[in-house]
Amino acid sequence: MEEMKLDFTKLVKRVDADKTGDFISYDEGKCNGCGLCTMVCSFNLWSVKEGKARLAPRYQELCLECAACWEICPTEAIDFSYPAGGTGVVIEYG
Ligand code: SF4
Ligand code: SF4
């Protein structure tokens, strides 16, 4: 069976990406360095350095707003809330 690859960048339309504000917050003190956030992020916006997670500084421009990092973090070090209406991403199918 042929492998199907999705190019997320072609599905995502960004609307006023510079007006989203900070919609992900991260508490380094709660991070245990498990790396789960790095595994679930489709856009590779998380990395772990010296035992602590780091979020890409430009995440507002690149994030898919899937909330997977928030969902999977076992220590609640990551908080996520959708950007205000009319900003952020719109996912288009087809
Ligand atoms: S999933 Fe949470 S605890 Fe694990 S590295 Fe990421 S921020 Fe840290
Ligand atoms: S919300 Fe999704 S795309 Fe954005 S940083 Fe978290 S895992 Fe990555």
From fewest to most C-beta neighbours within 10 Å, the residues 70, 46 line up as 70, 46
Between the residues 48, 77, 12, the Cα farthest towards the positive end of the dipole of the chain, that dipole coming from +1 and -1 charges on the beta-carbon of Lys, Arg, Asp and Glu, is from 48
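When a/c reaches 1.5 or more, the comparison of a/b and b/c decides; with that in mind, is the chain rounded, prolate or oblate per its Cα gyration tensor?
oblate
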For region 8-91, the dipole about the Cα centre with charges only on Cβ (Lys and Arg +1, Asp and Glu -1), to the nearest 20 debye, works out at 320
Going from the fewest other Cβ atoms within 10 Å to the most, one would list 20, 9 as 9, 20
Once phi for every residue in region 7-12 is put through the Karplus expression 6.51 cos²θ - 1.76 cosθ + 1.60 (θ = phi - 60°), the whole-Hz ³J(HN,Hα) values, with Gly and Pro written as x, are 9, 4, 5, 7, 8, 9
Filtering trypsin sites (Lys or Arg not before Pro) in the chain by DSSP loop and by at most 13 other Cβ atoms within 10 Å leaves 5, 58
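The numbers here are math on the coordinates, done by the rules we state, and not lab data. Just so we're clear, the structure is a prediction, and the values are computed from it rather than from any experiment. Don't worry about glycine lacking a Cβ; one is built from the backbone with ideal geometry, like all the others, and counts go over all protein chains shown.
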